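The values are calculated or read from the model by the stated rules, or taken from the named source; none is laboratory data. These figures come from a predicted structure and were not determined experimentally. Ideal geometry is used to build each Cβ from the backbone, glycine not excepted, and the neighbour counts take in all protein chains shown.
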2 protein chains.
Amino acid sequence: MAFENVIRRVDPYVPGEQPKVKGIIKLNTNENPYAPAEGVIKAIEDLDKMDYTKYPDPEVSLLVHALAEYHGLDDDQVFVGVGSDDVISMSFLTFFNSGKPVFFPDITYSFYDVWANLYRIPFETKALTEDFRINPEDYKGENGGIIFPNPNAPTGMLESLDMIEDIVKANPDVICIVDEAYIDFGGETCLPLLDKYPNLLVVRTYSKSRSMAGMRIGYMCGSRELIKAINDVKFSFNSYTMNATSIVAGVASVEAEEYFRENIDKVIKTREWTKKELTRLGFEFPDSYANFIFAKHATVSGKDIFEALKAENIFVRHFNKPRINDYLRISIGTDEQMKTLIEKLEKIVK
Amino acid sequence: MAFENVIRRVDPYVPGEQPKVKGIIKLNTNENPYAPAEGVIKAIEDLDKMDYTKYPDPEVSLLVHALAEYHGLDDDQVFVGVGSDDVISMSFLTFFNSGKPVFFPDITYSFYDVWANLYRIPFETKALTEDFRINPEDYKGENGGIIFPNPNAPTGMLESLDMIEDIVKANPDVICIVDEAYIDFGGETCLPLLDKYPNLLVVRTYSKSRSMAGMRIGYMCGSRELIKAINDVKFSFNSYTMNATSIVAGVASVEAEEYFRENIDKVIKTREWTKKELTRLGFEFPDSYANFIFAKHATVSGKDIFEALKAENIFVRHFNKPRINDYLRISIGTDEQMKTLIEKLEKIVK
């Protein structure tokens with residue numbers, strides 16, 4: 001067509017399958033197998049019907065305040081978005097604006113290069129070590145910003161606070177973003193570093209530990225200056241991104257701390273059981289601190305196991321990418337789901 | 001700070017005030033004064049608690065299908081986003097990509113130039129005529145795309161289908177976007193033109209006629225090729241933008257057609273009553289086909305009336321901009337709210 005050349009062409013990210021059939025075991029998108037707290041659902045039911053017809057608060061003040069208080073920060077140090085994807089995407093646009101390459105690991109969350117390409121931000125990937133660790137020396141050259149998840153995805157590997165501080169300290173002239181999507185499952189947060197490093201941003205999500213992937217809530221903590229800058233960009237896109245239900249549900253989740261901790265403990269316990277069983281079956285994996293395990297089998301290929309599990313209605317994630325195509329990323333489900341998984345794997349790999 | 005120069009600086013859009021106090025009359029952001037259908041709230045309450053913990057369908061298939069069916073289109077002709085702001089912002093990025101200036105009216109929705117600046121898209125504004133009409137001849141020069149609302153905002157002025165077809169037909173090599181945020185309040189939609197013009201896109205919102213500003217739902221209808229292109233861009237940002245509640249609420253609204261029509265009829269009736277009263281008080285205004293009236297008084301300035309109403313806890317919108325700073329944009333509320341408004345205005349302008 002004549003107008004072909006005015007349209008921006010991109011390679012869209014392909015998310016994990018969301019099969020619409022019921023009765024499957026879904027261990028492919030790192031969702032929490034447990035429902036959010038009762039208070040979350042009640043908060044939505046308690047909305048006034050006129051809250052639907054009015055625009056929501058564009059500053060999301062209630063939720064920002066609840067999160068700031070939870071983390072011991074000021075309200076102007078917290079930015080909320082439609083899932084951490086929204087927050088990080090907007091961060092690429094806001095903070096990686098120097099024209100110099102942004103650094104991130106070669107094996108990491110697969111959206112980073114998609115956003116860099118979308119916004120035409122140059123980037124360089126830094127190879128993880130053989131055992132999937134970040135080498136901080138790789139992040140000390142001239143760059144336009146740094147981003148990595150901790151624990152990393154899809155490996156589950158946790159880096160130490162010292163290693164993170166080493167990188168953030170070495171890069172005072174650019175913004176360093178640590179994506180802590182999975183930190184609640186046993187990792188040590190780098191939020192305390194915010195006091196010392198105004199160039200650090202820490203991203204969190206409600207989609208994993210808070211059992212609320214369906215509600216699309218993510219947030220970022222950092223210095224006032226950086227949070228103001230991303231708020232200004234957000235207000236240039238769309239003033240009202242968080243709908244009425246997300247705001248009250250997000251607050252209610254923070255208020256249900258005990259339930260939240262119990263849920264996490266259950267997931268961790270199941271993860272540790274699953275690790276033992278996978279080892280018994282001949283799998284190897286980095287020691288995961290996330291709600292998934294990134295495992296490869298000694299003899300059977302990742303693709304073969306992926307297909308065999310799919311035939312049994314068990315969905316895990318397989319990345320057809322260099323260095324990791326023998327691995328499967330297996331989300332931690334309920335005890336019952338993981339027992340079924342292990343039973344099926346036992347037959348597949350024997 | 002050292003990293004100042006890596007941050008993107010933008011002038012954020014300033015949305016209409018959302019006062020947090022109760023008991024005010026809020027006629028400043030064109031919200032619907034009536035709640036959405038009971039079915040909308042019921043659909044949210046009927047969600048399974050496990051729907052919160054799972055990622056929502058990234059393709060928003062249920063809602064896309066409901067809207068396609070409603071408009072007599074195919075599913076692959078509909079794109080859904082987080083309010084029409086999300087849809088239009090993404091359209092700027094996707095479709096205004098030629099490097100040539102995009103054309104839109106000088107008096108129009110105030111986000112268009114914000115998005116153009118954010119994405120560094122050149123643009124030229126075309127002056128409306130003295131009586132706030134679009135002159136189609138202005139839109140026939142070489143350009144990188146065209147966008148305007150119909151009815152226009154903040155004027156409420158409706159343009160004819162013939163005039164729109166004239167513009168779309170004259171621009172086969174670029175994308176023409178008609179923002180029909182207010183079309184349900186008495187205007188004639190240009191959706192039937194989609195059959196003839198693959199370069200046309202029509203945007204709708206749930207925030208006005210559907211009483212659901214709080215839920216953040218907007219959508220766009222167009223040719224398969226264009227809808228595929230914007231979906232690809234969307235999947236490069238954030239696969240899961242529509243949360244679980246928005247999806248089911250959006251479908252339920254479409255299913256409650258009778259209630260929807262009744263609501264619109266009430267708003268139109270109140271608007272026509274308000275027009276008569278405003279005329280009686282010495283106001284002039286373009287004949288609005290939207291859920292607001294854009295009015296100026298013969299003797300009292302817009303700013304003075306704005307401030308006087310605010311002192312009475314009535315919020316309307318005043319734009320401190322060339323050509324329109326004597327006008328107020330007054331959203332249509334309930335009969336009772338508009339009676340109070342007229343009573344107060346009677347004292348202010350006498």
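General remarks:
- Restricting A:THR274, A:THR241 to residues that are in contact (Cβ under 8 Å) with a residue 12 or more places away in the chain, of a type outside the set (Gly, Ala, Ser) and within 26 Å of B:VAL60 (Cα to Cα) narrows the list to A:THR241.
- Selection of first residues in segment B:305-331 that are in a loop (DSSP other than H, G, I, E, B) and of second residues that are among the aromatic types (Phe, Trp, Tyr), restricted to Cβ pairs under 8 Å at least 6 apart or on distinct chains, gives the following pairs, ordered by first then second residue: B:VAL316/B:PHE306; B:PHE319/B:TYR327; B:ILE324/B:PHE294; B:ASN325/B:PHE319.
- Residue within segment B:221-230 that is farther than 30 Å from B:ALA43 by Cβ, surrounded by fewer than 21 Cβ atoms within 10 Å (Cβ to Cβ) and within 8 Å of another protein chain (Cβ to nearest Cβ) present: yes
- Residue among A:SER223, A:SER211, A:SER207 that is modelled with pLDDT of 95 or more and on the phi > 0 side of the Ramachandran plot: A:SER211
- Yes/no for B:GLY187 being buried (at least 22 other Cβ atoms within 10 Å of the Cβ), in a loop (DSSP other than H, G, I, E, B) and at pLDDT 95 or above: no
So that you can scan it fast, the table gives a plain yes or no per residue for (1) buried (at least 22 other Cβ atoms within 10 Å of the Cβ); (2) farther than 18 Å from B:ARG216 by Cβ; (3) within 12 Å of chain B (Cβ to nearest Cβ):
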| residue | (1), (2), (3) |
| --- | --- |
| A:LYS169 | no, yes, no |
| A:PRO192 | no, yes, no |
| A:LYS208 | yes, yes, yes |
| A:MET242 | yes, no, yes |
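- Odd one out for A:TYR34, checked against (1) farther than 22 Å from B:THR245 by Cα; (2) within 8 Å of chain B (Cβ to nearest Cβ); (3) among the hydroxyl-bearing types (Ser, Thr, Tyr): (1)
- The set of residues from segment A:19-32 being buried (at least 18 other Cβ atoms within 10 Å of the Cβ) and out of contact with any strand residue (DSSP E or B) (no Cβ under 8 Å at 6 or more places or on another chain) comprises just one member, A:ASN32.
- Residue within segment B:17-30 that is part of a loop (DSSP other than H, G, I, E, B) and at positive phi present: yes
- With respect to the conditions (1) facing chain B (nearest Cβ under 10 Å); (2) under 19 Å from the mean Cα position of the chain (by Cα), A:ASN117 lacks only one, and its number is (2).
- Among the candidates B:MET157, B:MET212, residue that is within 11 Å of chain A (Cβ to nearest Cβ) and of a type outside the set (Phe, Trp, Tyr): B:MET212
- Among the residues of segment A:50-87, those that are part of a helix (DSSP H, G or I), in contact with a strand residue (DSSP E or B) (Cβ under 7 Å, 6 or more places away or on another chain) and more than 9 Å from chain B (Cβ to nearest Cβ) comprise A:LEU63, A:VAL64, A:LEU67, A:ALA68, A:HIS71, A:GLN77, A:SER84, A:VAL87.
- Exclusive hit being surrounded by fewer than 18 Cβ atoms within 10 Å (Cβ to Cβ) and either within 25 Å of B:LEU191 (Cβ to Cβ) or at pLDDT below 95 (or both), set B:VAL14, B:VAL80, B:VAL6, B:VAL40: B:VAL14
- Lone unmet requirement of (1) surrounded by fewer than 18 Cβ atoms within 10 Å (Cβ to Cβ); (2) of a type outside the set (Gly, Ala, Ser); (3) within 13 Å of chain B (Cβ to nearest Cβ); (4) out of contact with any Asp or Glu (no Cβ under 8 Å at 6 or more places or on another chain) for A:GLU45: (4)
One line per residue, one yes/no per condition, for (1) hydroxyl-bearing (Ser, Thr, Tyr); (2) more than 24 Å from the chain's Cα centre (by Cα); (3) within 17 Å of B:VAL251 (Cβ to Cβ):
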site: B:GLY23; (1), (2), (3): no, yes, no
site: B:LYS42; (1), (2), (3): no, yes, yes
site: B:ASP57; (1), (2), (3): no, yes, yes
site: B:TYR70; (1), (2), (3): yes, no, yes
site: B:VAL87; (1), (2), (3): no, no, no
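- Scanning segment A:194-243 for residues that are within 15 Å of A:GLY81 (Cα to Cα), part of a strand (DSSP E or B) and aliphatic (A, V, I, L, M) yields A:LEU201, A:VAL202, A:VAL203, A:MET220.
- Residues located in segment B:254-300, provided they are at positive phi and charged (D, E, K, R): none
- Of all residues in segment A:308-325, those satisfying the criterion of being more than 20 Å from the chain's Cα centre (by Cα) and crowded, with 16+ Cβ neighbours inside 10 Å are A:ALA308, A:LEU309, A:LYS310, A:GLU312, A:ILE314.
- Criterion applied to B:SER246, B:SER288 was being in a helix (DSSP H, G or I), under 22 Å from the mean Cα position of the chain (by Cα), among the polar types (S, T, N, Q) and crowded, with 20+ Cβ neighbours inside 10 Å, and the one residue passing it is B:SER246.
- Sole residue being under 24 Å from B:GLU4 (Cα atoms) and surrounded by fewer than 21 Cβ atoms within 10 Å (Cβ to Cβ), chosen from A:ASP86, A:ASP74: A:ASP74
- Here B:THR340 passes the criteria (1) among the hydroxyl-bearing types (Ser, Thr, Tyr); (2) surrounded by 20 or more Cβ atoms within 10 Å (Cβ to Cβ); (3) in contact with a strand residue (DSSP E or B) (Cβ under 8 Å, 6 or more places away or on another chain) except the one numbered (2).
- Cβ separations smaller than 7 Å between residues 6+ apart or across chains give the following pairs from segment B:146-175 residues that are assigned by TED's automatic domain parsing to the domain that holds B:LEU191 to residues that are crowded, with 23+ Cβ neighbours inside 10 Å and of a type in the set (Lys, Arg): B:PRO154/B:ARG329.
- Selection count where residues are surrounded by 18 or more Cβ atoms within 10 Å (Cβ to Cβ), of a type in the set (A, V, I, L, M, F, W, C) and in a loop (DSSP other than H, G, I, E, B), scope segment B:90-133: 6
- Filtering B:LEU73, B:LEU67, B:LEU93 for residues that are assigned by TED's automatic domain parsing to the domain that holds B:GLY250 and within 18 Å of A:ASP86 (Cβ to Cβ) leaves a single hit, B:LEU93.
- Selection status of A:SER236, touching a helix residue (DSSP H, G or I) at 6+ places or on another chain (Cβ under 6 Å), at pLDDT below 95 and among the hydroxyl-bearing types (Ser, Thr, Tyr): yes
- Within segment B:123-138, residues that are assigned by TED's automatic domain parsing to the domain that holds B:PRO154 reach partners that are of a type in the set (Ser, Thr, Tyr) and outside any loop (DSSP other than H, G, I, E, B) with beta carbons closer than 8 Å, at six or more positions or on different chains, in the pairs B:PHE123/B:TYR112; B:LYS126/B:TYR139.
- Only one entry in A:SER331, A:SER301, A:SER246 is among the small types (Gly, Ala, Ser) and either within 30 Å of B:GLU17 (Cα to Cα) or assigned by TED's automatic domain parsing to the domain that holds A:ASP51 (or both), namely A:SER246.
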